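None of the figures in this text is laboratory data; all of them are computed from the coordinates on show. Note that the coordinates shown come from a computational prediction; the quantities given were computed from them, not determined experimentally. Counting neighbours? That spans all protein chains shown, and the Cβs are built from the backbone with ideal geometry, glycine included.
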Amino acid sequence: MLRWPDLGRPFVFGHRGASAHAPENTLEAFELALQEGADGLEFDVKLSQDGRVVVIHDATLDRTTDGQGRVNRQRLAALRRLNAAAHFPAAAGRAQIPTLEEVLERFGQRAILNIELTNYTSPLDGLVGRVVRLVRRFGLQDRVLLSSFFPQNLWLAAALAPQIYRGMLSEPNRFGRMVDGGLWRWGCQALHPHLKNVTPALVQAVHRRGGRVHVYTVNRPPDMRRLRAWGVDAIFTDDPALARQIFSEQG
Ligand code: G3P
């Protein structure tokens, strides 16, 4: 089970890497996040048509790459020819869609990795089993945190690999309130609430039940300061350098 370093401050995850300053979910964004002082990396995985685990957030290619259509309709070789930096505002040149293997190999010993299981449009596709197998192959069971908005992904992960830490994501809606209210405890050690859902009472309630609170996506200094004062355990931010600066100002 994951051993959190005792940092005495909210743990900082680079959300899709340092995605404020580099194309999201690329090796470049992950390298930059660590240079900026992130403690961990958060990224999104789903399956290609030929069953390979790839790192990309959306179900479709259009927003972040020069490709079109659904990720799971393309084979890995075709996905690798695309430019994952195509729409990044600062025109970062070229970047490939990473495979999970690449990320585990390059970053597994350098940071805690939060793998979000994002098979939201294909929930029965076998993603969870493939991710668990890869994490085991690299021996990273105590360096990885699995998360998902689909509780069933996490329940399956708990059955397949109980030793891998799990966090349940919640949205600011009715179902999200059920997750925050206690559903997260089923099969998980952490709650990953939306910034809007978080109150001091929620943080205290989760802590009383022995859980951790990891909040997404926190990019504004006042939110960083407030969440730290409330005792949250981790934040996901697009800008780890800013979070480091804010948290170091506060001592
Ligand atoms: O895992 C935290 C955050 O990434 C969840 O929201 O939409 O970025 O997957 P989203």
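At a glance:
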{"read-out": "Residue pairs meeting the criteria (Cβ under 7 Å; at least 6 apart or on separate chains; first farther than 15 Å from LEU242 by Cα and free of Cβ contacts under 8 Å to residues at least 60 places away in the same chain, in the stretch 15-28; second assigned to a loop (DSSP other than H, G, I, E, B) and away from the ligand (no atom under 13 Å from the Cβ))", "value": "none"}
{"read-out": "Members of the stretch 20-32 found to be assigned to a loop (DSSP other than H, G, I, E, B) and crowded, with 24+ Cβ neighbours inside 10 Å, listed by number", "value": "ALA22, PRO23, GLU24, ASN25, THR26"}
{"read-out": "Pairs, first without any contact (Cβ under 8 Å) to a residue 12 or more places away in the chain in the stretch 41-68, second assigned to a strand (DSSP E or B) and away from the ligand (no atom under 15 Å from the Cβ), C-beta under 6 Å, six or more apart", "value": "THR60/ARG70"}
{"read-out": "Strands (runs of 3 or more DSSP E) wholly inside the stretch 84-188 containing at least 1 residues that are crowded, with 18+ Cβ neighbours inside 10 Å, in contact with a Phe, Trp or Tyr (Cβ under 7 Å, 6 or more places away or on another chain) and on the phi > 0 side of the Ramachandran plot", "value": "none"}
{"read-out": "Inter-residue pairs, beta-carbon under 9 Å, first over 14 Å from ILE235 (Cα atoms) and in the stretch 193-205, second within 16 Å of the ligand (Cβ to nearest atom) and among the acidic types (Asp, Glu), 6+ apart", "value": "LEU202/ASP180; ALA205/ASP180"}
{"read-out": "Residues of the stretch 211-251 satisfying the condition of being within 16 Å of the ligand (Cβ to nearest atom), over 14 Å from LYS196 (Cβ atoms) and part of a helix (DSSP H, G or I)", "value": "MET224, PRO240, ALA243"}
